[in-house]
Amino acid sequence: MKATITTTAHYVPEKVLTNIEIAKLVDTSDEWIRSRTGIAQRHIVAENEATSDMCTEVAKQLLEKRDLSPNDIDIIIVGTVTPDHFTPSTAAIIQDNIGAANAWGFDLSAACSGFIFGLETGAKFIESGTYQHIMVIGADTMTSILDFTDRETCVLFGDGAGGVILEPSQSGGGILDSILHTDGSGGTSLWVPAGGSRHPATIDTINEHSHYIKQDGKRVFKFAVKGMADVTQQILKNNNLTGEKIKLFIPHQANKRIIDATAKRCGISNDKVLINIEWYGNTTAGTIPIGLSEAVEKGELIDGDFLLLASFGAGFTWGSILIKWESHL
Ligand code: ACO
């Protein structure tokens, strides 16, 4: 039995932060950010808005679109590195917010690969035959860990959430294959040094800004292109496919130059590559489900289309998932 995506939804906060506004906070420019990253603006949460609020919006849309009762949901999986709290999990907060009385759930930490890792996890629960409806949501409030005095990171990210409902496929399509990787030796190339159990938050860690995200941008760039391209080429090869056979490629949106280089290496032409980084920046676990939800809204996928997802993120984590699309309108 295969798992299939029956429903998609996304939510981004109303408030927009443009490059021009960011250039008033740090020494940067609209031209630098656009040319080096492809980003023009990002959405950011309101003062009282957190990751679970964005996820709850997504979860409500998913239920409504699929005409399901909250009681129909078996599991809620949330990929995020910016939960509301260390505990309880974001999944538990969503469960309560939507009244999913029969659901259990958990958060999954894989940074930008959070949605892909969650999708693979959810698919295995469907394939086991035990569960019928699983919500998989990728969401991050990156502004909660951004240092708005560090121009090398603060220009890159935004806030947002997207999600899907997974169900058993009736016709044999759905999630066909996946390849996932973790390489912890890349850990300190992209990380939040303090605030966890290694260096609990103190006045010093706060003064040092070490509770914010730090990165070695050039190293991440290099590994991201290689990681996403290798895994995408491998999944195509394993399934006797070429880039030409793919209808839509949705790569993680970290940098337009990373996306272009990855697609080129995989022989996937530009018209098949979903790029929305211009409007949202890098929403970490949110990028792929937001892109997928937008593509579905625009009617870009029909029955039988091959859809390819690929991610790379902190950890390092990376992976690719191949889907034979099934329309459930
Ligand atoms: N505005 C203006 N100048 C800047 C900025 C900025 N926001 N940031 C860096 N610069 C400067 C640097 O200080 C440097 O100046 P120097 O030459 O005087 O030393 C110059 O611009 C060039 O810096 P580079 O690091 O060479 O710029 P590069 O072209 O590599 O782009 C970037 C930097 C955008 C961070 C790129 O390396 C990148 O995207 N890396 C991937 C990082 C990433 O995406 N992380 C997100 C999470 S991981 C993921 O999602 C895959």
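Charges on Cβ only, +1 for Lys and Arg, -1 for Asp and Glu, centred on the Cα centroid of the stretch 104-201; of Phe125, Leu190, Thr141, which one is farthest towards the dipole's positive end?
Checked the options; the winner is Phe125.
Label points 7 Å out from Cα along the Cβ direction at His328 and Glu64: separation in nm?
Here the answer is 1.8 nm between the modelled labels.
With +1 on each Lys and Arg Cβ and -1 on each Asp and Glu Cβ, how big is the dipole of the stretch 10-61 about its Cα centre, in debye rounded to the nearest 20?
That gives a dipole near 180 debye.
Just the number, please: percent antiparallel of the DSSP beta bridges in the chain, rounded to the nearest 5.
Values: 37 of 53 bridges.
Of those bridges, close to 70 percent are antiparallel.
Multiplying the sequence separation of Val192 and Asn276 by 0.36 nm and subtracting their Cα-Cα distance, what value in nm do you get? Kindly include the intermediate steps, with their values, before the conclusion.
On the way: separation 84, 0.36 × 84 = 30.24 nm, distance 2.59 nm.
So the chain would gain 27.6 nm between Val192 and Asn276.
Kindly put Thr56, Thr121, Thr51, Thr242 in sequence by how many other C-beta atoms sit within 10 Å of each C-beta, fewest to most.
So the ranking, lowest neighbour count to highest, is Thr242, Thr121, Thr56, Thr51.
Relative to the Cα centre, what is the charge dipole magnitude of the stretch 54-170, using +1 at the beta carbon of each Lys and Arg, -1 at the beta carbon of each Asp and Glu, and rounding to the nearest 20 debye?
Value, rounded to 20: 160 debye.
With each label point set 7 Å from Cα along the Cα-Cβ vector, what nm distance links Asn97 and Trp32?
Placing both labels 7 Å beyond Cα along the Cβ direction yields 3.5 nm.
Give, rounded to the nearest 20 debye, the magnitude of the charge dipole that the chain has about its Cα centre when Lys and Arg contribute +1 at Cβ and Asp and Glu contribute -1 at Cβ.
With only Lys, Arg, Asp and Glu charged at Cβ, the dipole is about 1180 debye.
Any lysines with Cα under 17 Å of the Lys124 Cα? List them, leaving off those in the same chain fewer than 8 positions away.
Partners within reach: Lys2, Lys324.
Could you work out how much longer the chain between Thr202 and Arg265 gets when fully extended? Use 0.36 nm per residue separation minus the Cα distance between them, nm to one decimal.
18.2 nm
So what are the ³J(HN,Hα) numbers for the stretch 265-280, from phi and the Karplus equation (6.51, -1.76, 1.60; θ = phi - 60°), rounded to whole Hz, Gly and Pro as x?
Couplings: 4, 8, x, 9, 6, 4, 5, 9, 9, 7, 10, 10, 4, 3, 9, 10 Hz.
Cβ under 15 Å from Ile73's Cβ, Ile73 left aside: what net charge do those residues give with Lys, Arg +1 and Asp, Glu -1?
Net charge in that neighbourhood comes out at -3.
Modelled label-to-label distance, Lys24 and Phe86, 7 Å Cα→beta-carbon offset: nm?
Result: 3.7 nm between the two label points.
For Met1, Met135, what's the fewest-to-most ordering of other Cβ within 10 Å of each Cβ?
Met1, Met135
Quick one: which residues, 5 or more positions from Asp177 or on another chain, have an amide H under 5 Å from its amide H? H modelled 1.01 Å from N in the peptide plane, none for Pro or chain starts.
Leu322
For every other residue with a beta carbon closer than 15 angstrom to the beta carbon of Lys124, add +1 if it is Lys or Arg and -1 if Asp or Glu, then tell me the sum. Each step should come with its number before you reach the end.
Numbers: positive: Lys2; negative: Asp74, Glu120, Glu127, Glu167, Asp177.
Net of charged neighbours comes to -4.
Bear in mind that the values in this text are calculations on the coordinates, not laboratory data. As the structure is a prediction and not an experimental result, all values here were calculated from the model. Methodologically, a virtual Cβ is constructed for each residue, glycine included, from the backbone with ideal geometry; neighbour enumeration extends over all protein chains shown.
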